[in-house]
Structure formats: structure tokens, C-alpha cells
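Written out below as C-alpha cells is the structure these notes cover.
The values are calculated or read from the model by the stated rules, or taken from the named source; none is laboratory data. Fair warning: this is a prediction, and the values are worked out from it, not measured in the lab. Note that we place each Cβ from the backbone using ideal geometry, even for glycine, and neighbour counts take in every protein chain shown.
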Amino acid sequence: VFANVLRAPEDPILGVTIAYNKDPSPVKLNLGVGAYRTEEGKPLVLNVVRQAEKLLVNDRSRVKEYLPIVGLADFNKLSAKLILGADSPAILGNLVTTVQCLSGTGSLRVGAEFLARHYYQRTIYIPNPTWGNHGKIFTLAGLTVKTYRYYDPVTRGLNIQGLLEDLGSAPSGAIVLLHACAHNPTGVDPTLEQWEQIRRLIRSKSLLPFFDSAYQGFASGSLDEDARSVRMFVADGGECFIAQSYAKNMGLYGERVGALSIVCRTADVASRVESQLKLVIRPMYSNPPIHGASIVSTILKDRNLYQEWTLELKAMADRIITMRKQLFDALRARETPGDWSHIIKQIGMFTFTGLNTKQVTFMTREYHIYMTSDGRISMAGLSSRTIPHLADAIHAAVTT
Ligand code: PMP
């Protein structure tokens, strides 16, 4: 009965790793996947995560019962505090409802499903370009996806004029997806002044901001700094959606731990919204997994573990920043044609190199370097040892 099922294409991002795994070359390099690696190229489990897991294992009072539909209560409270700030008036006024979801992706999807059921505007604007999954998540939830201009290939920076024009002509009430920090794939973020311009436009047109916060602390190394865009929007008292992921900043990729927060205008609305979120979640996966959320809440509520986490997070962010400098210096040393300053200007896990599909194909074929075809490279996948190889490849790609 399934004889007519067509073979689906590989996911464009995860497909890069599949191709990499098949390559027998000893010098191969995977810069496709957005996961942190150490200087030795190994995945990293944070020390605080190991400590939290030890505490959890040794606590005999812990059981494996189901969590409530909305997840672990402590985790939800602490997650809202982490993104909004402990002294946020929205938290103090009980204007926020937070539900534990399956990492960033699940949080976006639950938010999207809620909007499709309960919001009068069904159009969402996502940046061009954006993380490849965004369009699919919102389309499958039943929303109409449109794009707004974001990246300017000429300056390799933000097209603020185009962004303001496109959001300015969006229908009133439209939803706007914003990357809280470390925009993926471009690594280009608005400045604080530009965020303020965007905020004013969004509020004046009654657009609904939906923040995707997948890299808090990972961009600048400071959790507060990377939450500034979100806090600016919450401070004005308007509504706001936030999808949080702990994949990157706690290295909990496979634990699938994240949260959706919806900031409402009154505590009563927030509690009604929560009641409806339960109706979205229950038939989807019933309730979320317990382990990852327990790790996160153990770390967030313990002063020492929290402090140690911020240091480990800063070390990851700093290593990425060092990789940017080293790659930039290596290209300068080779006198590679072009202005490569965007490598040190862009932030977060990725550099949007500006290399075209043909150059990417060349680098994969000749140098066994794997990346998405849009020229995005994961800085976290680099080390001092592999940078010369990458710089040689880029140099050859732009000069041959
Ligand atoms: N949003 C963005 C912008 C991302 O880059 C990612 C991860 N690549 C996610 C959301 C979701 O990741 P996860 O579901 O693993 O938390």
C-alpha cells in the first residue's frame, strides 16, 4: 500500500553530517552541524551538567512518574526568570505563562499551534534568511509564512531599511519571528538602537513578536546581554512569545529541553492561555520528559552550580570568538582576496561566509570540508589545528 511513497530529500542541515560520515578522508571537517566542539573536536558535556546528574541519581526521593502536561513547575519558573530577568515586572505580576517543551523546536511548534487556534492573524513574518526549520514549523501549524528582508549580501550586515519597510507594510497584528540573539544562519544581529526601532514599529502596528532564543549566553558569553532584545519588548508591557532552548547553552542537545513563555497583559489572561496550551500539548505528546528539565532546574536554582555554569558558558563563547579571530588572521596572512571582517563582526555559533554554492561544492570536493550550501560554517566545529586547512580551502575557492 505504500509502493507509491516517494523518497523524501535529506534535511539540508542534517544531510551535511550524513555526507561527512561517508567521507573516508582523514582531513575531513564537519562545519555543518550547530553543535559545540572542544579544541580537540569532541562534543562537550558541561561539568555542571555532570554534577547535576550526580545529584539527581543520588536523590532516592526522585521517581519517574509523569510530569504535568506543562512540565516541571520549578523549571518553568526558572526559565522565565532566566530570559526575562529575576526582577521582571511581567513575572512579578504573573503575566507570564511558561510551559516546558521539547527544546527550541518543540517550543516554537507549541506556540505556533496555539496561535493557529487562538489568534486572529494567521500570517507570520520570518527573516530572510532564517533557520531552515522555521518555515516548516509555522506552515505545518497552519499559519501563512511570509518573509521580511534581513540580510544584506553586499554589506554582509543587517538590511535595517528593508526590514523596517517589510514589517511596516505587514498587516496589522501579523506575527513576527525574531532571533533573540546570534541570528542563524547569518550571525548578524541588530544593534540596541536598531532593536529599539524594530520594537517601536512592531508596537505601533500591533504586530506580535515571537522570539526564538536558541543561543542565550552563547553569543556574547553573558546571559543578560543576550536577553536584552527580549527584555526590551517585555518592558513595554505588550504581548510577546518566547521559545527557549537549552540545547546550546547547557549542551543538552539530545535531552530536548526548552520552554515556551507567553507574556500576556493580565494575570487572568495568562492563566487562561495556559489552560489552552494544555489542550495543545496533551494530544501531541501528553507531557514532556523529566530528565533534561531536572538537570536544568538543579543548575538554575543552586547558586554555586549557576555560577559555574556561567563560567563554562563564557568559555564556550570565548573559544568561538577566538576561532573567528584566528580564521580572520589566517585569511589575511594568505592575502585571500575580499573583505573578511564580517567573520569577526558576526556573532554566535555561525559565520555566514559569503561563499557561494559553487565554492562550497569545490571546498567539499577538494578539501573534504562540509557545510550547508549557503556558505554557513559552524565556528564551534573549528580548532586552532583545523583553521589552516579551512583557510587554505577558502583561499583556493575564491582564487580558482
Ligand atoms: N532556533 C534556532 C535559530 C536554532 O538555530 C535552533 C537549533 N539549531 C533551534 C531553534 C532549535 O534547536 P533545538 O530544537 O535543538 O533546541
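A few remarks follow.
- Condition check for M250: within 21 Å of the chain's Cα centre (by Cα), modelled with pLDDT of 95 or more and surrounded by fewer than 17 Cβ atoms within 10 Å (Cβ to Cβ): no
- Single match in V234, V154 (criterion: at negative phi, of a type outside the set (G, A, S) and either in a strand (DSSP E or B) or surrounded by 23 or more Cβ atoms within 10 Å (Cβ to Cβ) (or both)): V234
- Residues in the range 345-358 that are surrounded by 19 or more Cβ atoms within 10 Å (Cβ to Cβ) and more than 24 Å from S220 (Cβ to Cβ): L355 alone.
- Among the residues of the range 359-378, those that are buried (at least 18 other Cβ atoms within 10 Å of the Cβ) and within 19 Å of the chain's Cα centre (by Cα) comprise M371, T372, G375, R376, I377, S378.
- Meeting the requirement of 2 or more residues that are under 30 Å from C240 (Cα atoms), the helices (runs of 4 or more DSSP H) wholly within the range 1-99 are 73-84, 89-92.
- If you go through the range 168-190 and keep only what is among the aliphatic types (A, V, I, L, M) and either in a loop (DSSP other than H, G, I, E, B) or near the ligand (Cβ under 10 Å from one of its atoms) (or both), you end up with A170, A174, L177, A180, A182, V188.
- Where R37 falls short, out of the listed (1) under 30 Å from R156 (Cα atoms); (2) of a type in the set (D, E, K, R); (3) more than 16 Å from the ligand (Cβ to nearest atom): (3)
- Residues considered: I290, I295. Of these, the only one that is modelled with pLDDT of 95 or more and either over 21 Å from the mean Cα position of the chain (by Cα) or away from the ligand (no atom under 15 Å from the Cβ) (or both) is I290.
- Residue that is among the hydrophobic types (A, V, I, L, M, F, W, C), outside the structural domain of S213 (by TED's automatic domain parsing) and at negative phi, where the choices are V57, V70: V57
- Scope the range 276-308; condition on the phi > 0 side of the Ramachandran plot and of a type in the set (F, W, Y); matching residues: none
- For the criterion of being outside the structural domain of E193 (by TED's automatic domain parsing), in a helix (DSSP H, G or I) and hydrophobic (A, V, I, L, M, F, W, C), I295 fails.
- Residue satisfying all of: in the range 359-384; out of contact with any strand residue (DSSP E or B) (no Cβ under 7 Å at 6 or more places or on another chain) and touching a residue at least 60 places away in the same chain (Cβ under 8 Å); farthest from P26 (Cα to Cα) among these: D374
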